Amino acid sequence: MKFQQRSHWSGELGREMSFNVYGHAGKPVIVFPSSGGSQNEYGDFGMIEACQDFIDRGLVTFYTPDSYDNESWLNLWKSGHDVALAHEAYDRYIINELVPLIRYESNWQGPLMVTGCSMGAFHTINFALRHPDVFNVAVALSGVYDVRFFTGDFHNDDVIYYNSPIDNLWNQEDPWFLDQYRQNRFIVAVGQGAWEEPHIQDTHRLEAAFEAKSIPGWFDYWGDDVAHDWEWWRVQMPYFLACLEDEGRLR
């Protein structure tokens, strides 16, 4: 398997940003780490090995950028407004800097896929809903989708609101966004075992919003033995990749 450890300067963030690349061909997949995780996390916890068959067959290439969570949602010293502004800079980094680099180097002109576990699942849904023209496949494993989990009540702060998928999806009336959502593929999975309770609740709430907006989505609730842990995410991700391959979505 082709592997690269990379970094590049981000003008949006004013720092060098690291990312890893796993694979040689296929649909580019941006992987958001779990809370404060690094670009190495996905590989270190066996997720790349679990998905290696799809990589080796040239169906997908995984790009694992470093997180920015410690400057945004996980920063306890900033106000909710300021952590949301920090995330907006990370959003611009991904969309304006990393995605164009991926397109140029891979010669991939179509939409990308996005995925992540735990906090990475929050990012997955947030980016997929905000940028449905960039990401047409999203696989979110064991996430929370209400930004209050990080900020508490945000009242009328629009910067925070637009990063809370459960809130802004309910109020989304723009036909451009809704049409894109209805064409894209959303897979949202959660276990029903240890440490999954808040993630189960938010998955149900997100599912209700999808149904209210007539957006197709696969909301998959695994058994009560399935914990909020890498052991299960290593099972879930290749399972969903196989389903996406069968659906013809990995192209």
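The values are calculated or read from the model by the stated rules, or taken from the named source; none is laboratory data. Since the model is a prediction, treat every value here as computed from it, not as a measurement. Backbone-built Cβ (ideal geometry, glycine too); neighbour counts: all protein chains shown.
A few notes on this one:
- Among (1) touching a Cys at 6+ places or on another chain (Cβ under 9 Å); (2) farther than 18 Å from residue 121 by Cβ - the single one residue 3 does not satisfy: (1)
- When residues in the stretch 62-109 are screened for being outside any helix (DSSP H, G or I), of a type in the set (Phe, Trp, Tyr) and in contact (Cβ under 8 Å) with a residue 12 or more places away in the chain, 5 of them pass.
- When residues of the stretch 121-155 are limited to those that are aromatic (Phe, Trp, Tyr) and more than 24 Å from residue 77 (Cα to Cα), the one farthest from the chain's Cα centre (by Cα): 135
- Residues of the stretch 110-151 classified as more than 18 Å from residue 189 (Cα to Cα) and either part of a loop (DSSP other than H, G, I, E, B) or modelled with pLDDT under 95 (or both), total: 11
- One residue from 67, 38, 106, 118 being farther than 24 Å from residue 161 by Cβ, of a type in the set (Gly, Ala, Ser) and under 15 Å from the mean Cα position of the chain (by Cα): 38
- Restricting attention to the stretch 21-45, the residues being more than 25 Å from residue 110 (Cα to Cα), touching a residue at least 24 places away in the same chain (Cβ under 8 Å) and crowded, with 19+ Cβ neighbours inside 10 Å number 3.
- Members of the stretch 173-214 found to be loosely packed, with under 15 Cβ neighbours inside 10 Å, touching a residue at least 24 places away in the same chain (Cβ under 8 Å) and polar (S, T, N, Q), listed by number: 183, 214
- Against the conditions (1) in a helix (DSSP H, G or I); (2) closer than 17 Å to residue 142 by Cα, residue 243 satisfies every one except (2).
- Residue 106 being of a type in the set (Gly, Ala, Ser) and closer than 24 Å to residue 146 by Cβ: no
- Helices (runs of 4 or more DSSP H) contained in the stretch 156-233 and holding at least 2 residues of a type in the set (Phe, Trp, Tyr): 175-183
- Top-ranked residue in the stretch 83-109 [being under 20 Å from residue 245 (Cα atoms) and at pLDDT 95 or above; ranked as surrounded by the most Cβ atoms within 10 Å (Cβ to Cβ)]: 106
- Looking across the stretch 50-61 at every residue that is in contact (Cβ under 8 Å) with a residue 60 or more places away in the chain and in a helix (DSSP H, G or I), the one that is surrounded by the most Cβ atoms within 10 Å (Cβ to Cβ) is identified as 54.
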